[in-house]
1. In the stretch 1-46, what count of residues is obtained for those that are aromatic (Phe, Trp, Tyr) and exposed (fewer than 13 other Cβ atoms within 10 Å of the Cβ)?
2. Considering only the stretch 3-40, state which residues are acidic (Asp, Glu) and out of contact with any helix residue (DSSP H, G or I) (no Cβ under 8 Å at 6 or more places or on another chain).
3. Can you pull out every residue in the stretch 8-42 that is over 12 Å from the mean Cα position of the chain (by Cα) and part of a helix (DSSP H, G or I)?
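Derivation of every value follows stated rules applied to the coordinates shown; laboratory data play no part. Note that the coordinates shown come from a computational prediction; the quantities given were computed from them, not determined experimentally. As a convention, Cβ positions derive from the backbone with ideal geometry for all residues, glycine included, and neighbour counts pool all protein chains shown.
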Amino acid sequence: MAERRPFLLRLDPALLDALQRWAADDLRSLNGQIEFLLRRALSAQGRLPGGAGTREPRK
C-alpha cells in the first residue's frame, strides 16, 4: 500500500460537523470519508492519477 502523507486541513466548523456525520453514516473515519470524496471527485473529472484509484474504499 502506498505511503500516506499527512497535511493540515482547515475547515469551517459546520462543514466539519456535516462531514463527520456523513462519515459516521457510511461507517468511515473522517479521514477516510474525505479521501473517498476527493477520489470520487477526481475520478469524475478524469483527473485521478494512474494507479491512485485502484484501492476500493471501504463502505
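1. Counting residues in the stretch 1-46 that are aromatic (Phe, Trp, Tyr) and exposed (fewer than 13 other Cβ atoms within 10 Å of the Cβ) gives 1.
2. Going through the stretch 3-40, the residues acidic (Asp, Glu) turn out to be 3, 12, 17, 25-26, 35.
Those that are acidic (Asp, Glu) and out of contact with any helix residue (DSSP H, G or I) (no Cβ under 8 Å at 6 or more places or on another chain): Glu3, Asp12, Asp17, Asp25, Glu35.
3. Matches in the stretch 8-42: Pro13, Ala14, Leu15, Leu16, Asp17, Ala18, Arg21, Ala24, Asp25.
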